[in-house]
Amino acid sequence: MFVAAPAGPSARSAAAPAGEAAVSSLSFAVTVTGRGAALASGPFLLRVPDVGGPLRLELARLAVTGALLRGEARLRNDSTTLLSSLVLDFRSATAAKRDGSGGASSPSVPLSLRAPLELGDLLPGESTGFFPFELAPLPVGDDVPLLTLLGSVSGLALEARTVLEGVPRPVALDSDGAGRLYVATGGVGRVLRFAAGASPGGAEVARTSSPAAGVAVRRRNGDLHVSTGGRSIEVWRRGRAKPFEVDAGRPVTALRFDARGGLRAAAGNAVLSFLESRPGRARALGPEGSAVLSFDADPRGALYAVVREGEMRRLVVDGPDGPGPFGPSLASGLPVACRLDGRGGLWVAAIAAAPGDAVLLRLDAAGALRGVLSRAALALLLGAEEDAPVPAPVDLAPGAEGRLHVLLEDGSVFAVRPF
């Protein structure tokens, strides 16, 4: 027979890659007793943080044949938000021996499905059908009366969109240590600050001399840096009516502050580093004639960037041997922005052509996919049909508690968080 029990809402994935801070997945445990076949089902109430309700998991028609476990799984979204890119997998197995050894003190054996169950997207109140699965090989035997299998469900939780006031042509996004968002606009160059939680009304904190091209907030003192496509970066400081300027020595666009508070700027095909207010080394991430559209730097200083070369766009990472491709190819989409989330994940925003194409991806330190938001799922979040067109993403900014804020071309913003 089988006895099923929840394993706790915040157990961490045993399969997190090296170099990545593990994201809390929603875990559950199934205890297998004996060598025969039996039936069991949850439900497991998996608690997704801050979404107002559980994700309900049911396991049915469980049966063991030799070292193979067969069964079916179904999810129901009892939360108050859209849950996307849902994936179920098994992580490890722990055996208890008849002689009393093993159990909780026994080392876990890595375990996974032949292919993780991709359960798709669920609006509040929706359920999937039952998905069949097979799991093998189980470490069973005549000397194993009890076997505990640890599984997990991962995905993306999306918060409702907010339409921001006064940003008809958004071009760049950043956030500060208090969780406030800063949106730079084209046309009449302005930077508007929005309170934490992205309230619709914002306050103007800068009016630039030309349409803005990039924005970055220095977290240690709140200095606001704005580029306008020329060689000067405007620095707006609290209490001063006018900005002072930093000469980059060349035209710059996108701006970022790295983990140490150092300013970096996209300059043609390169990323330019600053020493205080003086331009320093420029690192080329593409050939002459290409352009860095968006970039970010990890705590070690490695650069990730979206590079445009003619009609092509690609995601690259700067390694010891120079820049190279990173992550999967977006054959059906155009990457437009990338951002690290502080937990080892790299987010990439893209313009999607078809409903099944990705508008947002989360990659781990090895470049493997750890979450995908499709154009169809974004349409559902916006209250439209799955095949409806959606506004394209413009820029990304990390937020509190692992959130990522996504700025869309229609002047709206929403937050997404992996679990």
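The values are calculated or read from the model by the stated rules, or taken from the named source; none is laboratory data. Only a predicted model underlies this, so the values are computations on that prediction, with no experimental measurement involved. Cβ: placed from backbone, ideal geometry, glycine included. Neighbour counts: every protein chain shown.
From (1) touching a Phe, Trp or Tyr at 6+ places or on another chain (Cβ under 7 Å); (2) of a type in the set (F, W, Y); (3) over 24 Å from L285 (Cβ atoms), pick out the condition that doesn't hold for F414. The number of the failed condition is (1). No other residue among E385, E401 is part of a loop (DSSP other than H, G, I, E, B) and either of a type in the set (K, R) or modelled with pLDDT under 95 (or both) apart from E385.
When the test is whether a residue is touching a strand residue (DSSP E or B) at 6+ places or on another chain (Cβ under 6 Å), in contact (Cβ under 8 Å) with a residue 60 or more places away in the chain, crowded, with 18+ Cβ neighbours inside 10 Å and not basic (K, R), S294 passes it. Condition test on G197, is it in contact with a helix residue (DSSP H, G or I) (Cβ under 7 Å, 6 or more places away or on another chain), part of a loop (DSSP other than H, G, I, E, B), modelled with pLDDT under 95 and assigned by TED's automatic domain parsing to the domain that holds E385? It is false that G197 is in contact with a helix residue (DSSP H, G or I) (Cβ under 7 Å, 6 or more places away or on another chain), part of a loop (DSSP other than H, G, I, E, B), modelled with pLDDT under 95 and assigned by TED's automatic domain parsing to the domain that holds E385.
Where strands (runs of 3 or more DSSP E) sit wholly within segment 124-177, those with at least 3 residues that are surrounded by 16 or more Cβ atoms within 10 Å (Cβ to Cβ) occupy 146-158, 170-175. In this structure, is L45 under 24 Å from the mean Cα position of the chain (by Cα), modelled with pLDDT of 85 or more and surrounded by 14 or more Cβ atoms within 10 Å (Cβ to Cβ)? When the stated conditions are applied, L45 passes them. Criterion applied to G19, G66, G53, G8 was being outside the structural domain of D341 (by TED's automatic domain parsing), touching a Ser or Thr at 6+ places or on another chain (Cβ under 8 Å), surrounded by fewer than 17 Cβ atoms within 10 Å (Cβ to Cβ) and at pLDDT below 85, and the one residue passing it is G8. Being in the same structural domain as L224 (by TED's automatic domain parsing) and within 20 Å of the chain's Cα centre (by Cα) holds for only one residue in G166, G120, G179, and it is G179. Scan segment 364-383 for residues that are within 24 Å of V171 (Cβ to Cβ) and of a type outside the set (D, E, K, R) and the total you get is 5. So which residues in segment 274-289 are of a type outside the set (A, V, I, L, M), under 17 Å from G322 (Cα atoms) and crowded, with 18+ Cβ neighbours inside 10 Å, if there are any at all? Answer for segment 274-289, where residues must be of a type outside the set (A, V, I, L, M), under 17 Å from G322 (Cα atoms) and crowded, with 18+ Cβ neighbours inside 10 Å: R283, G286.
Filter segment 200-236 down to residues that are touching a Pro at 6+ places or on another chain (Cβ under 8 Å) and not in a loop (DSSP other than H, G, I, E, B) and give me whichever is surrounded by the fewest Cβ atoms within 10 Å (Cβ to Cβ). Per the criteria, the residue is V235. In the set (1) crowded, with 20+ Cβ neighbours inside 10 Å; (2) charged (D, E, K, R); (3) within 27 Å of the chain's Cα centre (by Cα), the condition left unmet by R190 is number (3). Of the numbered criteria (1) among the aliphatic types (A, V, I, L, M); (2) in contact with a Lys or Arg (Cβ under 8 Å, 6 or more places away or on another chain); (3) without any contact (Cβ under 8 Å) to a residue 40 or more places away in the chain, the one V144 fails is (3).
Residue-wise test of (1) without any contact (Cβ under 8 Å) to a residue 40 or more places away in the chain; (2) among the acidic types (D, E).
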| residue | (1), (2) |
| --- | --- |
| G324 | yes, no |
| L334 | yes, no |
| G345 | no, no |
| A350 | no, no |
| R362 | no, no |
| A379 | yes, no |
| E385 | yes, yes |
| P393 | no, no |
| E401 | no, yes |
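The criterion of being in contact with a helix residue (DSSP H, G or I) (Cβ under 9 Å, 6 or more places away or on another chain) and at pLDDT 95 or above holds for L373.
For segment 325-380, residues that are among the small types (G, A, S) and either not in a strand (DSSP E or B) or not assigned by TED's automatic domain parsing to the domain that holds E409 (or both) total 17. Test R256 against the criterion of being touching a Phe, Trp or Tyr at 6+ places or on another chain (Cβ under 7 Å), without any contact (Cβ under 8 Å) to a residue 24 or more places away in the chain and in a strand (DSSP E or B), and give yes or no. Criteria not met by R256. Being out of contact with any helix residue (DSSP H, G or I) (no Cβ under 8 Å at 6 or more places or on another chain), at pLDDT 95 or above and among the hydroxyl-bearing types (S, T, Y), is that true of even one residue in segment 325-333? So far as segment 325-333 goes, no, none of its residues is out of contact with any helix residue (DSSP H, G or I) (no Cβ under 8 Å at 6 or more places or on another chain), at pLDDT 95 or above and among the hydroxyl-bearing types (S, T, Y).
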